[in-house]
Amino acid sequence: MNAAVRDAFNEQIKQELYSGYLYLSMSAHFDQENLPGFAHWMRLQAQEELGHGMRLFDYVLRRGAKVELRGIDAPQTDFGPPLSVVESVLEHERAVTGMIHRLFELSGQEGDWAAQQELQWFIAEQVEEEDSAATARDQVRMAGEDLSALLMLDQQFGSRVAEPEQA
Ligand SMILES: [Fe+2]
Ligand SMILES: [Fe+2]
């Protein structure tokens with residue numbers, strides 16, 4: 001791995017861990033708002049992000065490159081109503097998709113085809129992440145001001161289970 005690609009991977013490790021931090025903060029918010037199902041869902045999302053960070057961590061090590069952990073920014077702690085939180089999730093996932101695409105682009109410019117192959121997994125994963133965030137956003141939007149619909153959604157999100165890690 002050359003220095004530019006290695007640094008960009010190290011930066012992405014941080015970004016994945018930050019995503020986990022942000023989703024944990026959202027999980028705490030939902031818990032305090034008495035929406036335990038949404039809290040549960042965001043906690044699962046946070047765990048998934050930590051898994052992404054670890055996947056990159058292991059990849060950098062496997063390439064024999066140096067892992068340099070960077071400082072993780074503090075996530076916001078104040079959030080608005082459920083709809084604005086799920087909108088933020090979608091917005092965040094789209095931003096991460098952009099980062100992965102730029103990392104893929106850089107790896108190509110640097111002739112690191114192996115890194116591009118590893119990043120294909122992340123490109124596919126982001127399609128899933130954006131799709132599920134968009135569905136959640138649409139469902140919360142449909143519930144609108146109807147509190148019983150929101151509580152039903154909360155139950156639905158509460159029954160989600162962690163997805164098995166794909167190869
Ligand atoms: Fe991620
Ligand atoms: Fe994500």
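The values are calculated or read from the model by the stated rules, or taken from the named source; none is laboratory data. Everything numeric here is computed off the predicted structure, so don't read it as measured data. Using ideal geometry, Cβ is built from the backbone for each residue, glycine included, and neighbour counts are taken over all protein chains shown.
Here are the numbers:
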{"read-out": "Any hit, region 72-85, residues being part of a helix (DSSP H, G or I), in contact (Cβ under 8 Å) with a residue 40 or more places away in the chain and not hydrophobic (A, V, I, L, M, F, W, C)", "value": "yes"}
{"read-out": "PHE38 away from ligand 1 (no atom under 12 Å from the Cβ), crowded, with 17+ Cβ neighbours inside 10 Å and either at pLDDT 95 or above or among the polar types (S, T, N, Q) (or both)", "value": "yes"}
{"read-out": "Scan of region 102-131 for residues that are surrounded by fewer than 17 Cβ atoms within 10 Å (Cβ to Cβ), within 13 Å of ligand 1 (Cβ to nearest atom) and not acidic (Asp, Glu), ordered by number", "value": "TRP121, ILE123, ALA124, VAL127"}
{"read-out": "Test: GLY98 is modelled with pLDDT of 95 or more, more than 21 Å from PHE57 (Cβ to Cβ) and either in a loop (DSSP other than H, G, I, E, B) or acidic (Asp, Glu) (or both)", "value": "no"}
{"read-out": "Criterion violated by THR97 - all others in (1) within 14 Å of the chain's Cα centre (by Cα); (2) in contact (Cβ under 8 Å) with a residue 40 or more places away in the chain; (3) surrounded by 13 or more Cβ atoms within 10 Å (Cβ to Cβ) satisfied", "value": "(2)"}
{"read-out": "Some residue of region 94-111 being within 13 Å of ligand 2 (Cβ to nearest atom), among the polar types (S, T, N, Q) and closer than 22 Å to GLY51 by Cα", "value": "yes"}
{"read-out": "Hits in region 132-152 - residues which are surrounded by 15 or more Cβ atoms within 10 Å (Cβ to Cβ) and under 26 Å from GLY51 (Cα atoms)", "value": "SER132, ALA133, ALA134, ALA136, ARG137"}
{"read-out": "Residues within region 122-160 that are in a helix (DSSP H, G or I) and either hydrophobic (A, V, I, L, M, F, W, C) or more than 30 Å from HIS101 (Cα to Cα) (or both), tallied", "value": "22"}
